[in-house]
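Take a look at the structure below.
A short reminder: the numbers here are calculations on the coordinates, not readings from a lab. The shown structure was predicted, so the numbers you read here are calculated from the model rather than taken from an experiment. Using ideal geometry, Cβ is built from the backbone for each residue, glycine included, and neighbour counts are taken over all protein chains shown.
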Amino acid sequence: MRIDDWCCLGRTVPEESKKYGLKVCSVGYSAELKAFMRVYPLPLECDIKQRTICQLELARNPSDSRDESWKLTRESEDAGIVEVGTPREKEDVVVWLEKHLSPSIADLNDRRRSIGVLKLPTEALEGILRQRKTPDVSDPEQQLFFEDIDENFGQGTISVAPYLEFRDAAGPHCIQLREWGCYEFLRKNPTKTDQLWSAMRIDKADSDVYLVVGNMSNHRKVWLVISYFVQVRSKPEKGLFDDEPD
């Protein structure tokens, strides 16, 4: 199947899969199909930027039964990906996300979705850095996330993994942020890891964060943050007499 309007929402940090080798997972949407679409595996050389519009040749992934999951029909040098037009404006992407919000991860589980969008005020988010899995340090929760992959990206240079703590309509969560750009920041700034949240702008007041989340193929109720969009809240327009003294 050919998709002509796939808009990239984000890519995960490269992961060493036992089946596919070092690959990337990307999530986007097709406005024409009115659907989110996960594309995996992607070769590392496919440098698709956020909001890029692409034409893709896709087929169902026989090893992934999730409705939103697809794979490229070939893995040649160009991988069957053609960028078309200019990147979609951030405001247009936010409009799409706003139309496809979920109140909670529990709601996504109930509806058997594997990709969703949560909207939270920045004041409701807390960024946490946890020690990454090393030969000497084993985080049981992290092993649950990655028991089927060998997490090699940035080993020796990235000592921590970023998590986001928040409460949605159904309760509290602390889930790992797997957006590639965040790991690139940690790799390039090993002595400034605590500045990640400022670089992401999730510490910015008067803003909302749209979290694009996806679950794990082998753990359908375990979720990761794949990407995010920060949008400054629009201020209500003043009325004609708002500044009048009482």
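What the Cα convex hull of the stretch 1-109 gives, in volume per residue, is 116 Å³.
Counting neighbouring beta carbons within 10 Å and listing from fewest to most, the residues Met1, Met216, Met37 come out as Met1, Met216, Met37.
Extent of the stretch 162-219 along its three principal axes (Cα atoms, max minus min coordinate, largest first): 35, 34, 15 Å.
If the segment from Lys90 to Thr191 were pulled out straight at 0.36 nm per residue, it would be longer than the present Cα-Cα gap by 33.3 nm. Exposure proxy shown here: for Ser63, Ser104, the number of other Cβ atoms within 10 Å sets the order, fewest to most, as Ser63, Ser104. Between Lys34 and Ser63, the contour length at 0.36 nm per residue exceeds the Cα-Cα span by 8.1 nm. Label zone (Lys99, point 7 Å along Cα-to-C-beta; backbone nitrogen cut-off 20 Å) within the stretch 1-41: 3-10, 27-38. A Förster radius of 41 Å, combined with the Cβ-Cβ distance separating Lys204 from Lys19, puts the computed FRET efficiency at roughly 0.55.
Couplings for the stretch 37-54, taken from phi via the Karplus curve 6.51 cos²θ - 1.76 cosθ + 1.60 with θ = phi - 60°, read 9, 8, 10, 8, x, 10, x, 4, 6, 7, 8, 7, 8, 4, 6, 5, 9, 10 Hz in order; Gly and Pro are left as x.
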